[in-house]
Structures are given as structure tokens and as C-alpha cells.
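Working notes for the structure below.
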Amino acid sequence: MGELPFPKSLPEFQKLFPDDAHCAAYMERVRWPDGFVCPSCDVKSEPGRIATRPHVLRCKACKKEARLTAGTVMQDSHTPLLTWFWGAYLVASLTPGMSAVQFQRQLGLNRYETAFQILHKLRAGMVRRDVDMIGGVHTVELDETWVGGRTRLTPATSSSGPAARPRRSRGRSGKESRKFLLTKLSKLSKVIRGGPVCAISSLAFR
């Protein structure tokens, strides 16, 4: 069996996966690259197919059904395969990511809960628990802090008459601000205990 094609653009995706049947055929090749093997009787043969349920294969030897979505994030889902494939493509191809509301709008789903559940399962399925370990054997400590920002305004306290002009809270001098910033950055650089030093600038999280 040759390497499975992977769409590199939206037109390629639409051409490769036009309907649920093509999605099911792709999943079958991923799960059984050398041909269908029944999970119940271990017989290798051409399975029976159901036109209205493309994700279900029926073994001709033992007459039992095998679901392509079993053991995946799509298991026991009533959402069409094509919707799952579209969602997986959006999550994998959009670098900034998207919210569940945007996800619902892009897939044309009626219920927000369905979009949220699909998006959550897709994100969880992308995590390689045995590989993507932050810090490895070291204990990781994470914390966040705000450095700088806008000056807080103090609201007027007078209950009668014209409103008093808001007062600005006292700030720090240039020298004190630099000292304050360096102090905070030095604390953020010690997030991995016993491991490599990693300094994180707060400007990256604006």
C-alpha cells in the first residue's frame, strides 16, 4: 500500500473528501493498510458494506460488524464523518486556533454544544501523552504575572456636585520600573526546576 495522500490546500481537501463514503474509505486504509481483518474472528477478507452507514463494515465470515470509528474520538458520535474530517482539517491547518463559536459557524452546526464537544475531542486527540511531555523528568512550575500596562484610574468619591477628575495611581520612576521588570523576568525564568532555564517575556502574551 502506498502512502496515504494528505490535502495541502482547501481545494485538495474538497476533492479528496467529497462525502462520508470517501472519508470512510480513507479511515479503512489507515486502520487496515494490508486489507480488512475482522476484529472478532481475525479473518482477512473483503468486508460487506452498508451504503447508509459507511463507517460500519460487516465481516462475511462471522457476520459481525466492525466500526471504523471505534477507539477514536469519533466513537459513538452521530455527527457525519465529513463534519469530523472538516473539523480536523480546520484545527490542524489554522495556526492561531479558533473558538468554539467560530468552529460552529465554519462547520454550519446548529448547536454550540456539539461544536464545543467536537473541538474538545479533536484537541485532546492531538496530544501525544507519551511524547509531548513538557520538562521531561523535571518538575514544571508555571505562573503568570502582568508587567506594566495602563495606569489604573481612581473613580470619583463625591456623591454630590460635579464629578471629580479621576486621579491616576502613582507610578514608578524609570529606574524603579526597570528594576521591577528585571525582577519579574528573573522569576519567570525559573519555571523548570532542575532543568534548562527558560525566560518568557510578557510581551509575547499581549
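The values are calculated or read from the model by the stated rules, or taken from the named source; none is laboratory data. Note that this is a predicted model, so its numbers are computed, not measured. Because the Cβ atoms are built from the backbone with ideal geometry, glycine has one as well, and the counts that use them run over all protein chains shown.
Looking at segment 46-92, which of its residues are among the β-branched types (Val, Ile, Thr) and exposed (fewer than 14 other Cβ atoms within 10 Å of the Cβ)?
Within segment 46-92, 50, 52 meet the criteria.
Filter segment 8-28 for residues that are at pLDDT 90 or above and among the charged types (D, E, K, R); which is farthest from residue 65 (Cα to Cα)?
12
Which residues, taken from segment 1-45, are in contact with a helix residue (DSSP H, G or I) (Cβ under 6 Å, 6 or more places away or on another chain), buried (at least 16 other Cβ atoms within 10 Å of the Cβ) and not in a helix (DSSP H, G or I)?
17
Collect the residues in segment 61-112 that are more than 20 Å from residue 13 (Cβ to Cβ), among the hydrophobic types (A, V, I, L, M, F, W, C) and assigned to a helix (DSSP H, G or I), keeping them in residue-number order.
100, 101
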